[in-house]
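Scroll down for the structure; my scribbles are underneath it.
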Amino acid sequence: LHRNAGEPEFHQAAREVLESLGRVVDRRPEYFEEALIERICEPERQIIFRIPWIDDANQVQINRGFRVQFNSALGPYKGGIRFHPSVNVGIIKFLGFEQTFKNALTGLPIGGGKGGSDFDPKGRSDREIMRFCQSFMIELHRHIGDKVDVPAGDIGVGAREVGYMFGMYKRLNNRFEAGVLTGKGLAYGGSRARREATGFGTAYFVRSMLARQGTDIEGRRCVVSGSGNVAIYAMEKIQAFGGKVVACSDSSGYVVDENGIDLDLIKEIKEVRRGRLSDYAEQRGSECRYVAGGSIWQVPCEIALPCATQNELSAEDARALISNGVIVVAEGANMPCTPDAVALFREANVLFAPGKAANAGGVATSALEMQQNASRDSWTFEKTEERLAVIMHNIHEACDQTAEEYGAPGDYVLGANIAGFVRVADAMRSLGVI
Ligand code: NDP
């Protein structure tokens, strides 16, 4: 514990995976030899750096940058970059650890990594964002590459930020190395359906879980937290599958719209104007209720998709959801449910999909972007989405079958952790003690 002092989120993520491995010890003792567990919990490399930049008032600002290169047994490190004031080394480590198993679950040749900064993009001008991204890349560029480490977006980092980072990378290296970053704009090597992929993938996963129970999404009430990249496209696909999304949120509050969330309006406010959900409520008028602060999980629903941030759904929220009749909870975000909340869902037999399975569609489609870049190809939206749908189906089957095989049918947490672990562990064992 002292080696990772002050990193509660990393402890939380590691404990969850290690608890699931209890059932593997008896059957596969070879995985517990040669300090494999200790090695898998230790990042291969962590980089922490200074990011100086100049704001619009001509003041010098300093932020801290991070890149954790967690595990490259399956391929180049791969994972997003997060810009949020809550970022610290423990947050990036938990995300990199989760990413390693998530990437393994996709079946694609990608290792795990994650990065970011405590920079707060809120209220910053476009020029400030650009200068910050450029300064961030001036250091990061020496640590990444299409065969080394391939970052992407995450909270606070979308196509705009990836574009500024790619521009600086290209300038520093004097080469057009498209596969060094994913989540790029379509004009310079991005993949169709990458923007939609995480949210769409979560909805596909929910559909598979319900199909296993002989039912579907049609007509079901759904609540989605967040209103960023993952939340917007999860809502879009749930609506396409006939579900009714009645509420979503941002860090200031939530809206309840009993007529169903108007996604065009959300996209206009969030993606174009970069505004707040309170603007949505104002524009919708009396049909819509805005609650400042508070917990969105008080809103009754059958499908709950936490798509904002870690530990946003507490035990108290889980109790409210269960008593209001929730049947599925799928984590669009990384580790949004606290361990107590997860335990309550599992006890109550609520179908529960952990983030490393339910939100793997984003990174899977990033790997498809790398594939398109490597072959200088550009697939249609339909082809890319089809590949995504197949990958999500396969992840569902892998989790489901692994849970069954290890004596816990229907336990997607156990299934995802064991299936992801086995793939990484097999590769690490083949590579020797490195
Ligand atoms: P965005 O920045 O696009 O959106 C984040 C949303 O969550 C915003 O609505 C934001 O509200 C809200 N939010 C962020 N932090 C907090 C907080 N501390 N408290 C309350 N609300 C908060 O990020 P993404 O949609 O890309 O990411 C959301 C989650 O999904 C993260 O956990 C991320 O790691 C995970 N994820 C993302 C993937 C991707 O492809 N983008 C892939 C896999 C997982 P506000 O605007 O007010 O801050």
Enumerate the aspartates and glutamates that residue 237 could reach by cross-link, defined here as Cα to Cα under 12 Å, with residues fewer than 8 away along the same chain left out.
196, 218, 385
From the P(r) of segment 318-425, can you give the percent of Cα pairs sitting at distances over 22 Å?
40 percent
Which of the peptides 163-173, 102-112, 55-65, 378-388 is most tightly packed, and how do the rest follow, going by the mean number of other Cβ atoms within 10 Å of each residue?
102-112, 163-173, 378-388, 55-65
For the pair residue 324/residue 380, report the inter-label distance in nm, with labels modelled 7 Å from Cα in the Cβ direction.
4.1 nm
How big, on average over all directions, is the shadow cast by the Cα convex hull of segment 193-281, in nm²?
5.6 nm²
Segment 322-330 - phi-based ³J(HN,Hα) in whole Hz, Karplus 6.51/-1.76/1.60, Gly and Pro as x
5, 6, 8, x, 5, 10, 9, 10, 10
Can you compute the helix-only [θ] at 222 nm over the chain? Use -39500 (n - 2.57) per DSSP H run of at least 4 residues, normalise by all residues, nearest 500 deg cm²/dmol.
-14000 deg cm²/dmol
Principal axis box of segment 42-181, alpha-carbon based, largest edge first, Å
47, 33, 22
In Hz, Karplus ³J(HN,Hα) per residue of segment 269-282 (6.51, -1.76, 1.60; θ = phi - 60°; x = Gly, Pro)
6, 7, 8, 9, 7, 6, x, 10, 5, 4, 5, 4, 4, 4
Kindly write out, for segment 134-151 in residue order, the coupling ³J(HN,Hα) from the Karplus curve 6.51 cos²θ - 1.76 cosθ + 1.60 (θ = phi - 60°), rounded to whole Hz, with x marking Gly and Pro.
5, 5, 4, 6, 4, 8, 4, 4, 6, 9, 10, x, 5, 10, 10, 7, 10, x
Taking Cα pairs closer than 8 Å and at least 6 residues apart, the relative contact order of the chain in percent is 16 percent
If I take R0 = 22 Å and measure r between the Cβ atoms of residue 57 and residue 160 in this structure, what FRET efficiency does the formula 1/(1 + (r/R0)^6) give, to the nearest 0.05?
0.50
Per 10 angstrom bin, beginning at 0 and ending with the bin that holds the maximum distance, the Cα pairs of the chain fall in percents of 5, 23, 33, 27, 11, 2, 0
Projected onto the charge dipole of segment 196-357 (unit charges on the beta-carbon of Lys, Arg, Asp and Glu, signs +1, +1, -1, -1), the Cα from 285, 206, 309 with the largest positive-side position is that of 206
Kirkwood-Stokes translational diffusion coefficient of segment 109-245, alpha-carbon pairs, 37 °C, 0.692 mPa s, µm²/s:
195 µm²/s
Mind ordering 86-98, 137-149 by average Cβ neighbours within 10 Å, highest first?
86-98, 137-149
For segment 196-357, inverting the pair-averaged 1/r of distinct alpha-carbon atoms gives a Kirkwood value in Å of 15.3 Å
Along principal axes, Cα extents of segment 6-102, largest first, whole Å:
62, 25, 19
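Where a number appears in this text, it was derived from the coordinates with a stated rule and is not lab data. Predicted, not measured: the structure shown is a model, and the values here were computed from it. We place every Cβ from the backbone using ideal geometry, glycine too, and count neighbours over all the protein chains shown.
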